[in-house]
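Structure first, commentary second.
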Amino acid sequence: MRRWKWLVILVLVLLVGAASAKKLSFVLDTTANRADEAQAIAAQLQKIGVDVQVRVWKSGVLSAAIKAGSRQAYTTDWGSAYFDPFDLGIPKLTTGGRGNYSFYSNAQVDKDFKIASTTTSDAPRAAAYEDAQQQVFKDAPWIFGYVLKNIEASSTAVQGWGPAADNSESLVGASVQGGNSLVVGMRTDQIITFDPAMYRDRDTEAVLRNMFDSLVTHTLAGKVVPQLATSWTKVNDKTYDFTLHSGVTFQNGDPLTAADVVFTFSRILTPGAVNGQTSPRAGLLGPIDHVEALDATHVRFVYKEPFPESLLLQALVHFQIVPKAYMEKVGVEGFKKAPIGSGPFQYERGSLDSQIVLKRYDGYWGGPAKLSQIVFRMMPEPSTRVAALLSGEVQIIQAVPPDLVSRLQSTSSVSVKTAEGTRAYQIELNNKVAPFNDVRVRQALNYAVDWNSILKNIYHGYGQRLATAFLPSGFGYDSSLKPYPYDPAKAKELLKQAGYDVNN
Amino acid sequence: MRLLKILERMLAAIPVALGVAVLAFLFLRFLPGDPVQIMLGDTKVSQQQVTALRHELNLDEPIGSQLVHFFGQLLHGQLGTSIIKDQSVSSLIGGALPATIELTLATVFVALLIALPVGILSALYQGSWLDRVVLSGALLGVSMPSFWFGLLLILLFAVEAHLLPTSGRISPTLLVERHTGFMLIDTLLAGNVRAFVDALKHLVLPALTLGVVFAAVLARVIRSSMIEALHRQYVTTARAKGVRERVVIIKHALRNALIPAVTVAGLQVGELLGGNMIVETIFAWPGVGRLVVNSIFARDYVVVQAAVMLYAITYVGVNLLVDVLYTVLNPRIVL
C-alpha cells in the first residue's frame, strides 16, 4: 500500500514537471567555419531559457539534408553576383525558389519579386523590392544575419589598386614603386580554367578579367561603366543594342568585332557548344533568347520576356569576350593552353593550380598597363598569404581573416583595405515545421541574438548587420528598415505568448 | 626467378585496384550531396539546366549503368573528365603527382639524414643524456601538428630570416617550361642553374615539415632495433673475431636492424605519396592530397575514384618494394 502511494506521487510530480517545463529546444546545424558563432548564439539563447544544441557538419552533407527538409535551423550564406536582389532575395525567398532553404512562402512577396524581375523601369522595381523587404522583415523567416567586408591587404608600394566588392583584382591601373611586376596571393588553391565559358567562381574571374575585357565593367564601388561597349540603348522591353569600341584588337592582333561578341555568347547559350559540354554560365543572363550582330560594331541582345536593363548590364560585367577566329583555329583545348583575350595582360606561362604569369599587352586599346608583368599565386592558407606579404614575396593578398588584420596593421610596409561584401550570412529556420512555423517564435529568436557582440568578438568589427535578406549595396535597398534590436525581454514575452517557458 | 615473382606481385595489384575502385564508386554515390548543385553554386539556374547537366555527366542513370559506363571508359584507358574542373582526370592527377613525388623523395631524404645517425648514436649510447634528448625530441616530433610546425618554419626562415621562400615550388620569374612536372628535373633540362637552386630552396621547408615527423618515427624504430641487434650473438662473435667496431656497427648490427625500419618507412612513404593535404595547403604546393580532399568536398566523383585507385596501386607497389628490400638486406628472406 505504501509503495503505491509513493509511486503515484512520483508520477504526479513528473507529470506536473513535464507540463510546466515546455521549453523551446532545437538543433542548430552549422559548418566548421561558423561553429564558434553558432556556439555563441546557443549560449545567448540559453540565457533566456531556449535549449540549443549545436551540430557541426560538412557543408555538402548539410546542404543536402537542408534541402530534404529534415533540419530545423542552420547557418547558411548566399553570394550575389549582381548589386540587385535578383540573385539573392529572389532565389532565397520566392516560394519554391532554388535557394529557399527556409521553405518560406508569402504570395505578396512572390508577386513583388515577379514585378521586380520583369519590369524594366526603376521606380516600380524599387517599390516592389521595398514592399518585399517590409513583408519579409515582419515574417522573419530567418534569424537575419550580417554581411562581411572583403578584407585584402597590399604592400604600401602598390598604387592604383583596391579591393572590389566582386573580388575582381583589376590591375590595369596598378603600379609598384621601384618595380614593374607584382604578385597577387590568391585565396584559392586553383582556378578552374582559362576558358571564359566554363567557370562559375569568382577566383577564376579575378584572373580572367585581367586577360579579357567585357562589354561593360564595374568600378570598385560596383557602378557599371563602359568597357568594350561605348554605349547602349534600350530598343524595347526585350531588346537592347550595344555599340562596340572600334579599333580594339585581341592580343594576337586580330580586330575585335561584333562577330566575336556573338560567338562568345552563343557558345555559352547553346547547350553542348563547348566541345560537347554546356557552359554553366547561361543562367546568369536571365530569360535571354539570343544575341545577334547588326553590323561590325553593333550587337543586339534579344530577350524572351521583358528584362531590366540594369540586370543585363550587371550580368555583362561577368562575360569575357573571346576571339572567334582564334578559338575556331586552335580549338577549345588549344585555347586553354594559350588563351588570347583583348585585356591589358596576356598569358605568358604557369598553371592553374600554382601560379599564373601574365605579361603586359602593349596594344591594349585603353593604353598599355603600367606593370610589365603580373603573377597570380594560388595560396589557399591565409597564414601563408600573410607571411608571404610580410616577407615581400607577394604585394597583394586576398581574403585576410579578421583575426590576422591587427598583425598586418602593426607593420608599416603593409596596408589593409576593405570593400563591401556581397555575401549574406544568416541562420535559416525551417518555416514548414514546428516550432518555427510560428511567427512569434521566429521573431523572438531575432530579438534574442546579440549580433553586435558576435560581429565584434568573432569578426573583429568587419561585419554589418542586415535587417532582412537584402544587401545595402543592392538596388532597392530600404535603408529605413532597421535590424531587429537585441531585446531579450521582448524575446521572452513573444516566447511566452507562443506557449513556451522562459528563464526569469 | 625473382623477377618473375615481382611481375606476379605487380599483376596481383590490378584486381586490388579494381576492387577498391568499385568500393569507392559505390561509397561516393551513397554520400549525400549533389555535384551538379555544388558546381553551379549560388546563382540563378533553372531546373531544366540542372537536369541537362546531370544528363550530360551521366548522373541521371541508375548506379549500375553508371558503373558499367565507368569500367567501359577504364578499359579504353580513359579516366574521364572532372565534373568541376573542366580538365581530364588524367591531366589533373598527372599534373599533381610529380609535385607530390618530388616532395616525398625530399622528405625521405630529410628523414634518413636525421633518423639514421640519431637512431644509431642513441642506441650506442643507450641511457646517456644524448639518448634521452633524442627520445624526448622524437616524442616532440611525433606529437607536433604539421600545420603548426610548418607555419613556425615559415615565420622563422621566410618572414624573420629571409633565408627561404614561404611557399610555392619556384619563383615566378624563374618558372621554366614544364616537361616532367618535377621542378628539379625541369630546371636542369632547361639548363637554368639559378632556377634549380631556387626550386631546391622551395623544397626545404615543406620537406622539413614532413621529414621531421617521419624522422621521429624512424629514429625510434632504428634505435630500438639497433639495441636489440647489438645484443645479438653474431655481434659478439664479430667483435671476438677482432672486426673493427665501425664495421660491426654498420655491417653486422645496422644491416639487420634496418628490416623493421624499412617496414615502417614503407608505410610512411605510401602515405606520403597520397599527398599531405595540410602541408600542401600551407606551402601552396599543388599536390595530390589537396586535389583529392577538395574533390571529395566537391563530390567530384571521377577524380576521387581515380585517386583511390592510384592509392591502392601505390600501396601495393610500395609494399612490393619493401619486400624486395628485405631480400637485399637479408638474402635468407625470399619473396
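The values are calculated or read from the model by the stated rules, or taken from the named source; none is laboratory data. Just so it is clear, the structure is predicted and the values come from calculations on it, not from any experiment. Please note: Cβ atoms are built from the backbone with ideal geometry, for glycine as well, and neighbour counts cover all protein chains shown.
Scanning segment A:54-79 for residues that are more than 9 Å from chain B (Cβ to nearest Cβ), in contact (Cβ under 8 Å) with a residue 60 or more places away in the chain and not hydroxyl-bearing (Ser, Thr, Tyr) turns up A:Ile66, A:Gly69, A:Arg71, A:Gln72, A:Ala73.
When segment A:332-353 is limited to residues that are at the interface with another protein chain (Cβ under 10 Å from one of its Cβ atoms) and in a loop (DSSP other than H, G, I, E, B), the one that is surrounded by the fewest Cβ atoms within 10 Å (Cβ to Cβ) turns out to be A:Ser351. The helices (runs of 4 or more DSSP H) located wholly in segment B:38-154 that include 1 or more residues which are at pLDDT 90 or above and within 21 Å of B:Gly211 (Cα to Cα) occupy B:89-124, B:129-143, B:146-153. Of everything listed in (1) within 9 Å of chain B (Cβ to nearest Cβ); (2) under 18 Å from A:Phe212 (Cβ atoms); (3) surrounded by 18 or more Cβ atoms within 10 Å (Cβ to Cβ), the single unmet condition for A:Lys324 is (1). Scan segment A:79-100 and tell me whether some residue there is hydroxyl-bearing (Ser, Thr, Tyr) and under 30 Å from A:Leu389 (Cα atoms). Looking for residues that are hydroxyl-bearing (Ser, Thr, Tyr) and under 30 Å from A:Leu389 (Cα atoms), one finds at least one in segment A:79-100, hence yes.
Just for segment A:454-504: of the residues that are among the β-branched types (Val, Ile, Thr) and assigned to a loop (DSSP other than H, G, I, E, B), which one is farthest from A:Val441 (Cα to Cα)? Checking each candidate, the answer is A:Ile458. Kindly evaluate B:Phe196 against the criterion of being part of a helix (DSSP H, G or I) and either in contact (Cβ under 8 Å) with a residue 24 or more places away in the chain or small (Gly, Ala, Ser) (or both). No, not satisfied.
Exactly one residue out of B:Ser167, B:Ser143 is under 24 Å from the mean Cα position of the chain (by Cα), hydroxyl-bearing (Ser, Thr, Tyr) and farther than 22 Å from A:Val375 by Cβ, and it is B:Ser143. When B:Val264, B:Val212 are screened for being among the aliphatic types (A, V, I, L, M), crowded, with 21+ Cβ neighbours inside 10 Å and out of contact with any strand residue (DSSP E or B) (no Cβ under 6 Å at 6 or more places or on another chain), only B:Val212 passes.
In segment A:429-450, the condition of being more than 14 Å from chain B (Cβ to nearest Cβ), surrounded by 17 or more Cβ atoms within 10 Å (Cβ to Cβ) and under 27 Å from A:Ala221 (Cβ atoms) is met by no residue. Out of everything in segment B:170-182 that is more than 10 Å from chain A (Cβ to nearest Cβ), within 22 Å of the chain's Cα centre (by Cα) and in contact (Cβ under 8 Å) with a residue 12 or more places away in the chain, what residue ends up being surrounded by the fewest Cβ atoms within 10 Å (Cβ to Cβ)? So the residue we want is B:Thr180.
In the set (1) within 20 Å of the chain's Cα centre (by Cα); (2) at the interface with chain B (Cβ under 10 Å from one of its Cβ atoms), A:Ser102 fails one condition alone, (2).
Annotation for segment A:378-390: at least one member residue is touching a strand residue (DSSP E or B) at 6+ places or on another chain (Cβ under 9 Å), closer than 17 Å to A:Asn167 by Cβ and more than 8 Å from every other protein chain (Cβ to nearest Cβ).
Within the span defined as segment A:127-141, one or more residues are in a helix (DSSP H, G or I), more than 30 Å from A:Gly331 (Cα to Cα) and β-branched (Val, Ile, Thr).
Under the condition of being within 14 Å of B:Ile93 (Cβ to Cβ) and of a type outside the set (S, T, N, Q), which residue from segment B:281-295 is nearest to the other protein chains (Cβ to nearest Cβ)? So that I can check it myself, show each step before the final result.
We begin by selecting, within segment B:281-295, every residue within 14 Å of B:Ile93 (Cβ to Cβ); these are B:286-295.
After this cut, where a residue has to be of a type outside the set (S, T, N, Q) as well, the list is B:286-293.
Values: B:Pro286: 4, B:Gly287: 9, B:Val288: 11, B:Gly289: 11, B:Arg290: 6, B:Leu291: 8, B:Val292: 12, B:Val293: 10 Å.
Going through the qualifying residues, I end up with B:Pro286.
Whether a residue is closer than 25 Å to A:Leu404 by Cα, touching a strand residue (DSSP E or B) at 6+ places or on another chain (Cβ under 8 Å), buried (at least 23 other Cβ atoms within 10 Å of the Cβ) and of a type in the set (S, T, N, Q) was assessed, and A:Ser154 passes this test. One residue stands out among those in segment A:263-291 that are away from every other protein chain (no Cβ under 14 Å) and surrounded by 19 or more Cβ atoms within 10 Å (Cβ to Cβ): the one that is farthest from A:Asp195 (Cα to Cα), which is A:Val291. A:Gly49 fulfils the conditions (1) on the phi > 0 side of the Ramachandran plot; (2) within 14 Å of chain B (Cβ to nearest Cβ) except for a single criterion, (2). With respect to the stated conditions, A:Tyr199 is at pLDDT below 95, hydroxyl-bearing (Ser, Thr, Tyr) and either in contact with a helix residue (DSSP H, G or I) (Cβ under 8 Å, 6 or more places away or on another chain) or at negative phi (or both). For segment B:100-152, what are the residues that are without any contact (Cβ under 8 Å) to a residue 60 or more places away in the chain and among the β-branched types (Val, Ile, Thr)? Once the filter is applied, which keeps residues that are without any contact (Cβ under 8 Å) to a residue 60 or more places away in the chain and among the β-branched types (Val, Ile, Thr), segment B:100-152 yields only B:Val133. Could you check, for segment A:93-101, whether at least one of its residues is among the hydrophobic types (A, V, I, L, M, F, W, C), under 24 Å from A:Thr30 (Cα atoms) and not in a helix (DSSP H, G or I)? No - not one qualifying residue is present in segment A:93-101. Number of residues in segment A:236-288 that are assigned to a strand (DSSP E or B) and touching a residue at least 40 places away in the same chain (Cβ under 8 Å): the value is 9.
In the set (1) crowded, with 17+ Cβ neighbours inside 10 Å; (2) in contact (Cβ under 8 Å) with a residue 60 or more places away in the chain; (3) in contact with a strand residue (DSSP E or B) (Cβ under 8 Å, 6 or more places away or on another chain), A:Tyr82 fails one condition alone, (3). Among the residues of segment A:451-496, those identified as crowded, with 21+ Cβ neighbours inside 10 Å and over 25 Å from the mean Cα position of the chain (by Cα) are A:Ala491, A:Lys492, A:Leu494, A:Leu495. Would you confirm, using the coordinates I've provided, whether B:Leu155 is within 12 Å of another protein chain (Cβ to nearest Cβ), hydrophobic (A, V, I, L, M, F, W, C), surrounded by 16 or more Cβ atoms within 10 Å (Cβ to Cβ) and within 24 Å of A:Leu352 (Cα to Cα)? No, not satisfied.
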